[in-house]
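Peer 1: Submitted below is the structure of interest, expressed as structure tokens.
The values are calculated or read from the model by the stated rules, or taken from the named source; none is laboratory data. Just so it is clear, the model here is predicted, and its values are computed rather than measured. Virtual Cβ from ideal backbone geometry, glycine too; neighbours counted across all protein chains shown. Heavy atoms of the whole protein, side chains included, go into the accessibility calculation; ligands, DNA and RNA do not. Shrake-Rupley method; radii C 1.70, N 1.55, O 1.52, S 1.80 Å.
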Amino acid sequence: MNRKAIVTGGSRGIGAAIVETLANEGYDVAFSYVSNKDKADAIVSALSSKGVKIAAFQADIASFESAQAFINNAKEFLGDVDVLVNNAGITRDKTLFMMQPEEWNAVINTNLTGYFNVTRNIVGYFLKNKRGCVVNITSVSGLVGIAGQTNYCASKAGIIGFTRALAKEAARAGIPVNCVAPGFVDTEMTQAIPEKHLDEINKMIPMRRMGKAQEIADLVSFLVSEKAKYITGQVFTIDGGLTI
Ligand SMILES: NC(=O)c1ccc[n+]([C@@H]2O[C@H](COP(=O)([O-])OP(=O)(O)OC[C@H]3O[C@@H](n4cnc5c(N)ncnc54)[C@H](O)[C@@H]3O)[C@@H](O)[C@H]2O)c1
């Protein structure tokens with residue numbers, strides 16, 4: 001029987017690469033998207049021919065009720081669930097001096113409370129069945145300070161604390177909970193960075209390039225596999241040497 005995975009924010013970027021990678025490895029996948037239905041539908045139709053079950057559900061993870069409905073729909077579609085990947089996230093970059101409460105709240109509510117909203121609605125199922133694993137996508141911004149990202153850095157550092165505490169709660173049931181912390185990855189999120197800054201960013205990275213979404217997805221695919229069952233509470237940085 002296929003293993004079964006839930007992925008948030010699977011319609012583009014890193015999330016789409018995770019959905020595609022898991023589907024290619026034989027997982028049935030249910031993923032959420034917030035607004036880009038066309039892209040989500042295109043992913044579903046491209047992967048449906050692979051002999052796995054794929055479905056996309058519209059959900060705003062910043063809302064507990066919406067996250068709950070997503071998890072319920074995903075469980076109903078998949079039957080059982082082996083994997084949760086919390087990936088959906090946003091940026092609203094600005095120096096703190098200029099930052100508005102809405103920009104702070106949007107990032108914390110999506111990136112940090114959103115992970116609570118989703119995970120809270122499935123962790124009981126994992127614990128009861130002694131089955132499951134969680135990978136949370138954080139960022140190097142959760143490990144080092146980045147000017148203009150107080151909201152994003154706070155949310156991503158929060159995810160690391162959330163992961164470690166949940167890893168301890170879930171360990172007795174044999175459920176691994178880990179973080180992946182990418183550096184700069186070439187997605188629509190980073191395509192918003194002005195061209196002149198992109199050159200500076202590439203020079204700062206020892207490997208002289210941004211990561212590819214596929215490279216992040218390959219690490220996630222290892223962490224959710226049976227090969228990684230004894231790894232828990234860890235943060236895996238994948239950044240071309242940016243933070244060494
Ligand atoms: N791109 C990078 O350089 C980079 C680096 C480190 C960490 N990350 C993290 O990786 C994850 C994916 O980033 P990406 O670059 O693919 O971003 P992206 O903007 O390309 O995709 C983000 C995804 O999250 C979804 N999403 C956003 N808000 C949502 C909400 N309220 N409810 C449900 N879904 C929502 C979007 O629909 C989209 O599918 C994020 O958590 C991001 O913080 C990205």
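Peer 1: Accessible area of the chain with a 1.4 Å probe: how many percent of it is carbon plus sulfur?
Peer 2: 54 percent
Peer 1: Okay, moving on. At 7 Å along Cα-to-Cβ for each site, give me the label-to-label distance between residue 192 and residue 244 in nm.
Peer 2: Calculated label separation equals 3.1 nm.
Peer 1: Express in nm, to one decimal, how much length is gained between residue 171 and residue 214 on full extension, taking 0.36 nm for each residue of separation and deducting their alpha carbon distance.
Peer 2: 12.6 nm
Peer 1: Taking only protein heavy atoms into account and a 1.4 Å probe, give the accessible area per residue of region 28-113 in Å².
Peer 2: 49 Å²
Peer 1: Amide H neighbours of residue 53 under 5 Å, counting only residues 5+ apart in sequence or on other chains, H built in-plane at 1.01 Å?
Peer 2: Long-range HN contacts for residue 53: 28, 29.
Peer 1: Moving on. For the chain, what is the charge dipole size about the Cα centre, in debye to the nearest 20, if Lys and Arg each add +1 at the Cβ and Asp and Glu each add -1 at the Cβ?
Peer 2: That gives a dipole near 700 debye.
Peer 1: In addition: First measure r as the distance between the Cβ atoms of residue 231 and residue 98, then evaluate 1/(1 + (r/R0)^6) with R0 = 45 Å and state the FRET efficiency to the nearest 0.05.
Peer 2: 0.65
Peer 1: Compute the FRET efficiency between residue 127 and residue 55 as 1/(1 + (r/R0)^6), taking r as their Cβ-Cβ distance and R0 = 35 Å, and round to the nearest 0.05.
Peer 2: 0.90
Peer 1: What residues qualify as long-range amide H neighbours of residue 239, i.e. H under 5 Å apart, gap of 5 or more or another chain, H built at 1.01 Å from N?
Peer 2: 183
Peer 1: Still on this model: Work out, step by step, the length gained on full extension between residue 164 and residue 36: first 0.36 nm times the residue separation, then minus their alpha carbon distance; give nm to one decimal.
Peer 2: The span from residue 164 to residue 36 would gain 42.9 nm if fully extended.
Peer 1: When the helices in the chain are scored as -39500 (n - 2.57) per DSSP H run of 4 or longer and the sum is shared across all residues, what 222 nm value do you end up with, to the nearest 500 deg cm²/dmol?
Peer 2: About -13000 deg cm²/dmol.
Peer 1: Packing-wise, with mean Cβ within 10 Å as the measure, how do 110-116, 130-136 rank, highest first?
Peer 2: The packing order, highest mean first, is 110-116, 130-136.
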